[in-house]
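Here is the structure we will look at, set down as structure tokens.
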Amino acid sequence: MAEVVLDSLSAISKIAAEAKDLPSLWEPLFDVILRTLQVDAGTIMTLEDDLLVRRVAKGMGEEIMKEPPIPESKGGISWSVVRSGKPAIITDIAKEKIASKVLAASMHSLVTVPMITRGQTVGVMSVFTKKQRAFADKDIDLFITIANQAAVAIVSIRSTELLEENRRRLSELEALNQLSKTVSTLFDFDETLYSIIGLITRIFKADKGVLLLFDHNDRLLKATKPAFNLTEAQVFDFRCRSDEGVSGQSFCKGIPLMLNKIDPETENVLSRAKMSDIKSVLVAPLKVKSQTLGVIHILSSKENNFAQDDLRLFSILSSQAAVVVNSSYMYRDIEQERKKDEALLSSIAEGVLAVDNNQKIILLNAAGEKISGFLQEELLGKKVDIIMNNNSHPEPLGEGSSVNAGSADKLPDSSLSARNDNDNHTLLRRDGTIFPARLSVAPIRDADDKGIGKIIVFSDITHELEVEQLKRELISIATHELRTPITGIKGYLDMILSGDTGGVNSETKEVVSEVTAINQKLADLVDDLLNVGRIEQGRIEVKPVAMDLTNSITEALKELSIQAKGKSLEMVFSSPQGRTIYSSSEPPAGGELRSNIMVKADPERVRQILINLIGNAIKYTPAGKSEIRNQKSETNLNSQNPNYAGKIEISLEQKGSEIICHIKDSGIGMDKEAQKSLFTKFYRIKTEKTRQITGTGLGLWICKQIIEMMSGKIWVESAEGKGSTFSFSLPIA
Amino acid sequence: MPKILIIEDDEILSKMYAKKFTSDGYQVVVAYSGGEGILTAKKEKPNCILLDIMMPVVDGFQVIRELKKDPDVKNIPIIILTNLGTSEIFIGEAKRLGVKDYLIKYKTSAKDVVTAVKKALNEK
């Protein structure tokens, strides 16, 4: 007998070790039990929470498996064995309270033993005989041993199952991870979201899956497409307050929740969406960083569809879904932004052309297509030269404007200022014709401020140039025509003043003199305007010849000496060696003080410049002492210094291959801001002190243009109240 | 009393110069176009001619060329009075045609025009 027992035990350990699941354990195990204990039937029930569930049975028909699990409350022999941990031996089943009707009807005696391993009861094992039978103690002991062996095997099988389940979920998670990783490359977010929701729904063996997103406008959680297994109407109607039902709770608290039985509030929410068939719910917040976008639901029409440990996995999967939702939001934003840009680019009237660092075209907007006749498609990837006119520019533009000659290579590099505008360009149309264009070139930079290309905004200025030309011609004609009446007025006034029309009294003479002065100002303005016109149209003639600058200066000083004397201003002109060549206060020393300084310039233009600059020095220098009584408004300027005497000093300096002429006055001076704009057209310093000084604001601009035409430069050094020094350079002849 | 012919299409200026010369004691004849100027010069044989250049149909240079062909009038001193500016093309042409002076209207006072005429008459 001991041999049989030993054989049985070793067989059982082998069976237990090899069993992969309960049936593969039970089949061979029952054979052994049958042989050793001589019984007719056997069964195993395992303890699942507070239920005893029949897992396998043999020798008692199929019906037995259909019996429901036995709750603790129902009691019975098996439960008393679980509770006591001791075997129960029943010789006459009919006399006992036994749970199974099948067994009560077919069996006579039974032995039920607990299945215990490591002090834990995992279930019970029972054997039955059809006829009444008493069991020997050693049989009971053997059965207990078999049952405990089985317990070890069951636990091991269970953990294998658990491991298997974990592995399965892990691989699903991995798949999901993979999915979310590829999201950035996926174009269709709806599709991605749909497959994620579907996947999660299937993992938890549920029926429906849907996202509820929080709408900030009406503060509602609203179902959104794509939804898994929901009708359009259900998606539309599935919405709730942000604190309503299980959805609201999960959203507010930011935690995943499981509902295996629907509460009335949630029931209400579900019934509004015609989803009253839903019996259990998993819901988790969609959190991205600190923000909760909404909640994800997995819905099942089965009660108790979800287990407690589902919650954790669900929570992890939800966070993956949240990432996708967020990405899709961001993508939509970017897409919207892109569409806005596109709309903007196509709506502006200017042509917009973008090139990469290799001067290859990457964009041409609708206006650009219209202006150039090219289509974006045919330019993409082509060199920008296709539209830039390579031999357009006869002469290089001034420094700083390297948007030049229409050549792609000369587009400003990224190191240049952010923007670069220029009018003097020609571009090519598709049909090969050339058109004048205004360009604005700006570098495109990436987030790291690295230049990644250039954007060129251009417009066709053919019409503008025509209008401009017309305007200039009109001004030119108009100003020219003005000369005749001005000359006429001047002639008549001169006649009155010189007594040709009979004697005039001193009052009349004064008034007529004023009119003459006004008329002269008008004449100067017309003169300036004509000069501007000529310069702008390139019609001014500059004929540089070798000329004596000292002579020109002396002549100009003589010409202006009456004006200087009128304001009691002293004018001194000295040579590079500091020798006085001309002084208004002293008669020239005996003999002509010749100090020939030859420059290469146009004598008439030099005279014009000198008259202008020295004239300005006189205009902007307050009158000297002797005039103070007569020039009330200027008294204030000089009151601080009773010995004030206005002085204008002209000096020459040789610097390299240039002669520099300085015209220094003791006038009102100007601040840095004024100095910057001084040489621009129509600029005039407007202060209390300059209010009564007349001028057109054109003189210095004209001077600058003319000097530059003679390869010279003009500049100013000044400080407010400390006088100004205007200097210009001319090349040595 | 020297006789001055003013050929000037602009009425404002011709009237003004006429007034000046009259008040300075000259006898003045006025022509308002190049064509009229040629005829008047041949008819009146003035001592000096003040001539504008920019005139429609027959311009000042044409007037000079026409007058130089006629021995009766070819020696009358001519002074150009124009607003054409100091372009050397015009000044050169004027010199080539033998004019006495080239005055810019808006830069020359009526008084100086009289002076120039006086000088031309004295040189004669």
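Going by what's in this entry, would A:Asn638 be described as at pLDDT below 70, out of contact with any strand residue (DSSP E or B) (no Cβ under 9 Å at 6 or more places or on another chain) and crowded, with 17+ Cβ neighbours inside 10 Å?
yes
If you filter segment B:87-115 down to residues that are acidic (Asp, Glu) and in a helix (DSSP H, G or I), you find that the one that is farthest from B:Gln62 (Cα to Cα) is B:Asp112.
When A:Lys509, A:Lys521 are screened for being open to solvent by 60 Å² or more (accessible area, probe 1.4 Å), in contact (Cβ under 8 Å) with a residue 12 or more places away in the chain, away from every other protein chain (no Cβ under 11 Å) and within 60 Å of the chain's Cα centre (by Cα), only A:Lys521 passes. For A:Ala11, the conditions (1) part of a loop (DSSP other than H, G, I, E, B); (2) of a type in the set (A, V, I, L, M); (3) free of Cβ contacts under 8 Å to residues at least 40 places away in the same chain are fulfilled apart from (1).
Just one of the listed residues (B:Lys95, B:Lys100, B:Lys107) is basic (Lys, Arg), open to solvent by 20 Å² or more (accessible area, probe 1.4 Å) and either within 14 Å of another protein chain (Cβ to nearest Cβ) or on the phi > 0 side of the Ramachandran plot (or both), namely B:Lys107.
Selection over segment A:14-37 of residues that are open to solvent by 10 Å² or more (accessible area, probe 1.4 Å) and touching a residue at least 40 places away in the same chain (Cβ under 8 Å) gives a count of 8.
A search for C-beta distances below 6 Å between a residue of segment A:644-672 that is in contact (Cβ under 8 Å) with a residue 12 or more places away in the chain and among the aromatic types (Phe, Trp, Tyr) and any residue that is open to solvent by 10 Å² or more (accessible area, probe 1.4 Å) and assigned to a strand (DSSP E or B), counting only pairs 6+ apart in sequence or on different chains, returns nothing. Scanning segment A:461-506 for residues that are facing chain B (nearest Cβ under 10 Å) and touching a residue at least 40 places away in the same chain (Cβ under 8 Å) yields A:His480, A:Leu482, A:Arg483, A:Ile486.
Once segment B:46-58 is narrowed to residues that are farther than 16 Å from B:Thr22 by Cβ and within 13 Å of the chain's Cα centre (by Cα), the residue that is surrounded by the most Cβ atoms within 10 Å (Cβ to Cβ) is B:Ile49. Within segment A:123-141, being surrounded by 23 or more Cβ atoms within 10 Å (Cβ to Cβ) and farther than 14 Å from A:Ile90 by Cβ holds for A:Gly123, A:Met125.
Which residues, taken from segment A:92-122, are buried (at least 19 other Cβ atoms within 10 Å of the Cβ) and over 19 Å from A:Ala41 (Cβ atoms)? Residue satisfying the conditions is A:Val122 alone.
The set of residues in segment B:1-50 that are within 14 Å of another protein chain (Cβ to nearest Cβ), of a type in the set (Val, Ile, Thr) and in a helix (DSSP H, G or I) comprises B:Ile12, B:Thr22.
Inside segment A:374-388, can you point out the residues that are in a strand (DSSP E or B) and either free of Cβ contacts under 8 Å to residues at least 24 places away in the same chain or in contact with a Leu (Cβ under 9 Å, 6 or more places away or on another chain) (or both)? Result: A:Met388, single match.
Across segment A:432-440, not a single residue is classified as within 14 Å of chain B (Cβ to nearest Cβ), touching a residue at least 24 places away in the same chain (Cβ under 8 Å) and either surrounded by 11 or more Cβ atoms within 10 Å (Cβ to Cβ) or in contact with a helix residue (DSSP H, G or I) (Cβ under 9 Å, 6 or more places away or on another chain) (or both).
The values are calculated or read from the model by the stated rules, or taken from the named source; none is laboratory data. Predicted model, so just to flag it, every value in this text is computed and none were measured. Methodologically, a virtual Cβ is constructed for each residue, glycine included, from the backbone with ideal geometry; neighbour enumeration extends over all protein chains shown. For accessibility, only protein heavy atoms count, side chains too; no ligands or nucleic acids. Shrake-Rupley method; radii C 1.70, N 1.55, O 1.52, S 1.80 Å.
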